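Mind having a look at this structure? Questions to follow.
The values are calculated or read from the model by the stated rules, or taken from the named source; none is laboratory data. Please read these numbers as outputs of a predicted model, since none were measured by experiment. No Cβ is skipped: glycine too gets one built from the backbone with ideal geometry, and neighbour counts run over all protein chains shown.
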Amino acid sequence: MERIGVFLCHCKLIPPIDTGRVFEAIGNKPGVVYAADYEEMCMAPGLERVKEAIKDEKLDGVVLTSCSPALYEETFRHIVTSAGLEGYQMVVAELKGQDGAKEATQRAIEAIESALERLRMSRPTVSSRVPITKRALVIGGGIAGIQASLDIADAGYEVILVEKTPSIGGRMIQLSETFPTLDCPQCIETPKMTDTGQHPNIKILAYSEVEGVSGNIGKFKVKIRRKAAYVDWDKCNGCGICQERCATKALAEFQQYLDLPGKIAHRKAIYIPFAQAVPMRPVIDREHCRYFTKGKCGLCEMACPVGAIDFSQQDSFVEIEVGAIIVATGFDLMPKSEIAEFEEDPDIIDGLEFERLLCPAGPTAGKVIRPSDGREPKEVVFISCCGSRDPEHGVPYCSRVCCMYLVKHALLYKHAVPDGQAYIFYMDIRTTGKGYEEFIQRAVEEDKVLYLRGRVSKVFRDGDKIKVWGSDTLTGKRVEIACDLAVLGMAMLPSEGSKELAVKLSIATDEYGFMTELHPKLCPLESTVPGIYLAGCCQGPKDIPDAVAQGGGAASKLLSLFSQDEVILEEAAVS
Amino acid sequence: MNLSYYPGCTLKTKAKNLEDSAVASMAALGVNLVELPRWNCCGTVYSFAEDEELHQLAPVRNLIRVKEVESNKVVTICSFCYNTLKRANLLITNDPEKRNTLNTFMEEEIDYNGEVEVVHLLEVLRDEVGWQSISQKVQLPLKGLKVAPYYGCTLLRPQAVAIDNVERPTIMHDLLQALGAEVVDFPFATECCGSYQILSNPDFVSHCVWDILSSALRWGAEAVALSCPMCDFNLGQKQKELRQTHSGFKGIPILYFTQLLALSLGLDPEVCRFELNYVDPRPLLESKGLLRQ
């Protein structure tokens with residue numbers, strides 16, 4: 001480029017820059033014929049000046065500076081192209097930092113020098129028009145993925161919903177009741193699950209995982225592994241006789257592997273994960289099935305009225321083409337064993353396990369019992385921030401929902417055991433959602449839930465009791481509570497396998513494995529790859545309303561893409 | 001294998017049973033503990049004072065002794081000495097300013113810049129000898145002896161000097177298991193024994209000791225194993241008083257892990273110096289067939 005112009009922005013958001021020194025340093029760079037500074041380049045008058053200068057000085061290349069190239073590049077590109085240049089003839093340099101004037105000036109010079117270098121390397125691009133395949137892939141069948149699928153399908157587009165477990169529903173369907181309105185997911189989520197299952201535009205691929213992804217926005221090719229269920233789902237009618245006949249029991253994923261007296265929380269080796277499953281189809285657990293472990297059994301095969309059992313089934317693969325992808329892979333709880341101060345004991349459980357104990361449709365039919373002996377716990381301690389907000393033992397971030405679900409637990413426990421006592425250890429109570437603070441007040445005032453402000457140092461078994469040591473920082477005293485059951489509000493982590501999925505999708509994750517949104521405030525639904533959107537807890541801990549909102553938001557982003565027929569892809573021309 | 005060995009004051013006086021059983025056991029395992037020349041007190045307690053340089057002279061001098069014998073590692077047996085030496089060493093390594101002050105102050109000594117590694121005997125057993133080779137050398141497995149490992153504070157805190165997981169250590173469990181004992185893990189294994197509060201607040205120490213011992217007993221322990229002479233003093237010496245204040249408490253022998261090591265390696269029980277233990281462990285060991293009557 002022969003005639004390059006440099007435009008220096010230095011509004012009050014950028015540390016003071018010695019513009020004279022900057023101009024001096026870049027003035028003699030090859031090709032630079034024009035330089036100007038302006039206080040607020042990003043505003044209309046500033047942009048007008050850039051446009052005029054390009055025309056008046058007959059510039060064939062420009063370097064612009066900005067506090068946030070990611071946000072301003074698009075705006076600048078419009079101005080530059082309206083002045084007759086092409087996109088490749090512009091580079092935006094970043095000016096940012098908390099340095100003093102001297103460092104800021106030096107950094108500005110370096111940023112502009114490297115932008116000039118990039119501009120020199122810049123080649124004309126060729127744009128190709130790719131027709132958009134108007135079919136969407138949603139990965140993860142929790143509430144966020146369900147919402148996204150329904151919204152896209154209702155708009156008239158085809159949706160493939162991939163879910164790694166045998167049924168959609170996600171974490172939400174495991175919950176007992178949901179805060180702050182205490183409606184049960186079996187009542188409020190099941191309709192959405194059924195709609196998803198019956199929607200003509202939605203195809204659910206349950207018990208399946210994304211194996212590989214290639215392509216770009218508008219046309220992704222996705223390979224999906226359909227795990228062997230050892231049941232022909234097309235023949236099966238979901239009657240459930242197989243799981244009645246099966247003689248082998250195993251700990252159930254859906255019950256968070258709770259081991260309750262009498263094995264009441266166990267499932268069979270062939271099982272439908274829960275009563276409201278969508279699709280209502282069983283899978284065989286190879287690790288426990290006697291046919292696979294001992295080589296003989298076949299009780300389910302004999303019982304099946306339609307001959308759907310197929311022990312010879314293998315994993316199969318399907319390849320699909322989609323125009324855009326929504327990732328909604330959800331969360332897992334940090335394992336309890338990560339907190340070494342808390343012993344491993346059947347009566348020290350995490351929040352999801354307690355949800356199963358409270359759930360009216362759960363293994364105990366909502367009767368609260370201790371896993372060790374089946375007795376009703378008369379004193380229960382709930383511990384907030386186990387692993388969250390604790391960089392030393394876990395993660396520094398707040399998991400956002402624990403304050404609310406622990407108080408919900410305490411309240412539901414008090415309803416189930418009115419003569420029991422619930423204690424909640426907390427650091428701060430974070431109740432920012434609608435109706436949340438009122439919910440806490442209700443638990444404290446009406447249900448006499450006892451809040452203790454302080455952290456817990458040790459949880460251990462002492463004979464029949466679980467002892468909890470902590471401090472009450474409001475009285476400055478040490479506290480020891482001998483309780484029957486301790487419930488830990490463990491930190492939320494990205495779900496298992498989401499890191500590997502992010503690699504397959506080439507999207508960025510943060511240091512904890514949560515998928516990174518394109519901009520923390522202004523692009524919360526887009527991943528770092530065009531055409532791939534994020535919904536729910538795969539992007540960070542959130543509650544149900546937020547997950548549903550993000551699911552809907554991601555769907556509408558995808559639909560605005562589908563409202564066009566083709567997408568323009570720019571590539572550097574091969575010279 | 002020769003290892004430089006820092007005994008510390010207590011091992012030469014009240015805890016002779018710890019030193020003798022340790023040195024003899026290590027010799028049987030092929031490790032020769034070579035006592036440092038001209039060692040002095042370790043400084044006993046790591047100082048929390050901000051102006052602490054003077055307090056660091058004692059531990060650093062000992063580390064200089066190690067450097068002088070051209071050794072890059074020193075092993076301690078007393079947990080307190082371990083803690084003080086290790087932390088002083090960390091300070092010297094991480095704080096160039098204080099290192100400079102100390103070196104300048106001790107102008108008669110050679111300069112010390114953190115060249116020596118401080119290890120505890122348990123680490124040597126785990127990392128250099130290995131549990132498997134120990135269990136192969138066991139002559140008299142401690143079969144049927146229910147021992148609770150007790151760590152106290154100084155082997156594990158602060159985290160920077162911990163010889164194992166701070167909250168859930170297993171190093172002594174693994175050793176006792178290698179010796180054939182029935183290991184009893186109990187929740188108070190890492191709680192404080194009360195330490196030097198025994199001087200100013202003896203009732204508080206009684207409270208701590210009772211919590212620890214009653215918990216060990218509830219979990220089925222017949223004896224407690226430890227490595228710290230301070231803990232040994234509190235856990236052992238306080239039992240006389242606890243027998244009077246807690247009806248039904250009959251006492252529980254406290255042993256150094258090295259005494260159990262020596263016994264199981266088939267060494268002459270004389271090296272264990274059981275007569276120095278505050279609660280005589282011999283009746284228990286005899287009842288398990290681990291000592292000739």
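For the stretch B:8-121, which helices (runs of 4 or more DSSP H) that fit wholly inside it have 2 or more residues that are closer than 20 Å to B:CYS193 by Cβ and touching a helix residue (DSSP H, G or I) at 6+ places or on another chain (Cβ under 9 Å)? Break it down into steps so the answer makes sense when it comes.
Values: elements: B:9-12, B:16-28, B:53-68, B:79-94, B:96-105.
Correct list: B:9-12, B:16-28, B:79-94.
Name the single residue that is nearest to A:ASP37 (Cα to Cα) among those in the stretch A:59-110 being touching a residue at least 40 places away in the same chain (Cβ under 8 Å), assigned to a loop (DSSP other than H, G, I, E, B) and out of contact with any strand residue (DSSP E or B) (no Cβ under 7 Å at 6 or more places or on another chain).
So, considering only residues that are touching a residue at least 40 places away in the same chain (Cβ under 8 Å), assigned to a loop (DSSP other than H, G, I, E, B) and out of contact with any strand residue (DSSP E or B) (no Cβ under 7 Å at 6 or more places or on another chain), the one nearest to A:ASP37 (Cα to Cα) is A:CYS67.
If A:MET41 meets every condition in (1) in a loop (DSSP other than H, G, I, E, B); (2) free of Cβ contacts under 8 Å to residues at least 24 places away in the same chain apart from one, which number is that one?
Only one criterion in (1) in a loop (DSSP other than H, G, I, E, B); (2) free of Cβ contacts under 8 Å to residues at least 24 places away in the same chain is unmet by A:MET41, namely (2).
Related question: Restricting to the stretch B:99-116, and then to whatever is in contact (Cβ under 8 Å) with a residue 12 or more places away in the chain and surrounded by 15 or more Cβ atoms within 10 Å (Cβ to Cβ), can you tell me which residue is nearest to B:ILE77 (Cα to Cα)? Step through it out loud before you land on a result.
Restricting attention to the stretch B:99-116, the residues satisfying the condition of being in contact (Cβ under 8 Å) with a residue 12 or more places away in the chain are B:99, B:101-102, B:105-106, B:109-110, B:112-116.
Still in the list and also surrounded by 15 or more Cβ atoms within 10 Å (Cβ to Cβ): B:99, B:102, B:106, B:109, B:112, B:114-116.
On the way: B:ARG99: 26, B:LEU102: 26, B:MET106: 27, B:GLU109: 26, B:TYR112: 23, B:GLY114: 20, B:GLU115: 20, B:VAL116: 16 Å.
Filtering the stretch B:99-116 for residues that are in contact (Cβ under 8 Å) with a residue 12 or more places away in the chain and surrounded by 15 or more Cβ atoms within 10 Å (Cβ to Cβ), the one nearest to B:ILE77 (Cα to Cα) comes out as B:VAL116.
Shifting gears a bit: So A:GLY394 passes all but one of these: (1) part of a loop (DSSP other than H, G, I, E, B); (2) out of contact with any Gly (no Cβ under 6 Å at 6 or more places or on another chain); (3) surrounded by fewer than 22 Cβ atoms within 10 Å (Cβ to Cβ). Which condition number does it fail?
A:GLY394 satisfies every listed condition except (2).
Can you find a residue that is modelled with pLDDT of 95 or more and among the aromatic types (Phe, Trp, Tyr) anywhere in the stretch B:41-55?
Within the stretch B:41-55 (the criterion being modelled with pLDDT of 95 or more and among the aromatic types (Phe, Trp, Tyr)), the answer is no, since none of the residues qualifies.
Can you pull out the residues in the stretch B:190-203 that are within 14 Å of another protein chain (Cβ to nearest Cβ) and of a type in the set (S, T, N, Q)? Let's see the steps before the verdict.
Of all residues in the stretch B:190-203, those within 14 Å of another protein chain (Cβ to nearest Cβ) come to B:190-192.
Passing the criteria: only B:THR190.
Please go through the stretch A:389-406 and pick out each residue that is aromatic (Phe, Trp, Tyr) and farther than 18 Å from A:VAL456 by Cβ.
Taking the stretch A:389-406 as the starting set, the residues that turn out to be aromatic (Phe, Trp, Tyr) are A:397, A:405.
If the condition is that a residue be aromatic (Phe, Trp, Tyr) and farther than 18 Å from A:VAL456 by Cβ, then A:TYR397 is the only one that fits.
Can I ask one more? Quick check on my filter: what residues within the stretch A:111-128 are in contact (Cβ under 8 Å) with a residue 40 or more places away in the chain and either of a type outside the set (Ser, Thr, Tyr) or touching a Leu at 6+ places or on another chain (Cβ under 9 Å) (or both)?
Result: A:ALA111, A:ILE112, A:GLU113, A:ALA115, A:LEU116, A:LEU119, A:ARG120, A:ARG123, A:PRO124, A:VAL126, A:SER127, A:SER128.
May I ask you to say which residue of A:ALA491, A:ALA482, A:ALA502 is aliphatic (A, V, I, L, M), surrounded by fewer than 23 Cβ atoms within 10 Å (Cβ to Cβ) and at pLDDT 95 or above?
Working: A:ALA491 fails: surrounded by fewer than 23 Cβ atoms within 10 Å (Cβ to Cβ); A:ALA502 fails: surrounded by fewer than 23 Cβ atoms within 10 Å (Cβ to Cβ).
Selected residue: A:ALA482, the only one of A:ALA491, A:ALA482, A:ALA502 that is aliphatic (A, V, I, L, M), surrounded by fewer than 23 Cβ atoms within 10 Å (Cβ to Cβ) and at pLDDT 95 or above.
Which members of the stretch A:427-463 meet the condition of being within 12 Å of chain B (Cβ to nearest Cβ) and free of Cβ contacts under 8 Å to residues at least 12 places away in the same chain? Quick ask: steps written out before the conclusion?
So in the stretch A:427-463, the residues within 12 Å of chain B (Cβ to nearest Cβ) come out as A:457-463.
Scanning the stretch A:427-463 gives a single hit, A:GLY463.
Filter the stretch A:464-489 down to the residues that are part of a loop (DSSP other than H, G, I, E, B) and over 22 Å from A:LYS414 (Cα atoms), then identify the one that is nearest to the other protein chains (Cβ to nearest Cβ). Quick ask: steps written out before the conclusion?
First, pick out the residues of the stretch A:464-489 that are part of a loop (DSSP other than H, G, I, E, B): A:464, A:473-476, A:484.
If we keep only those that are over 22 Å from A:LYS414 (Cα atoms) as well, we get A:473-476.
Values: A:THR473: 21, A:LEU474: 24, A:THR475: 20, A:GLY476: 17 Å.
Checking each candidate, the answer is A:GLY476.
Could you give me the residue pairs with C-beta distances under 8 Å whose first residue belongs to the stretch A:137-154 and is assigned by TED's automatic domain parsing to the domain that holds A:VAL322 and surrounded by 24 or more Cβ atoms within 10 Å (Cβ to Cβ), whose second residue is of a type in the set (A, V, I, L, M) and at pLDDT below 95 wherever it lies, and which are 6+ apart or on separate chains?
Listed by first residue and then by second, the contacts come to nothing, as the list is empty.
Let me ask you something else. How about the stretch B:204-288: which helices (runs of 4 or more DSSP H) wholly inside it have at least 1 residues that are surrounded by fewer than 18 Cβ atoms within 10 Å (Cβ to Cβ) and either small (Gly, Ala, Ser) or more than 14 Å from every other protein chain (Cβ to nearest Cβ) (or both)?
So the answer is B:229-237, B:239-245, B:282-287.
Filter the stretch B:149-184 down to the residues that are of a type in the set (Gly, Ala, Ser) and within 14 Å of chain A (Cβ to nearest Cβ) and list them by number.
Listed by number, the residues that qualify are B:ALA160, B:ALA162.
Which condition number does B:GLU167 fail, the rest of (1) modelled with pLDDT under 95; (2) touching a Lys or Arg at 6+ places or on another chain (Cβ under 6 Å); (3) acidic (Asp, Glu) being met?
(2)
Still on this structure, I have one more. Restricting to the stretch A:325-347, what's the tally of residues that are away from chain B (no Cβ under 12 Å) and touching a helix residue (DSSP H, G or I) at 6+ places or on another chain (Cβ under 8 Å)?
So the first thing to find is which residues in the stretch A:325-347 are away from chain B (no Cβ under 12 Å), and the list is A:325-336, A:346-347.
With touching a helix residue (DSSP H, G or I) at 6+ places or on another chain (Cβ under 8 Å) added as a condition, the list becomes A:325-331, A:333.
Residues flagged as away from chain B (no Cβ under 12 Å) and touching a helix residue (DSSP H, G or I) at 6+ places or on another chain (Cβ under 8 Å) within the stretch A:325-347 amount to 8.
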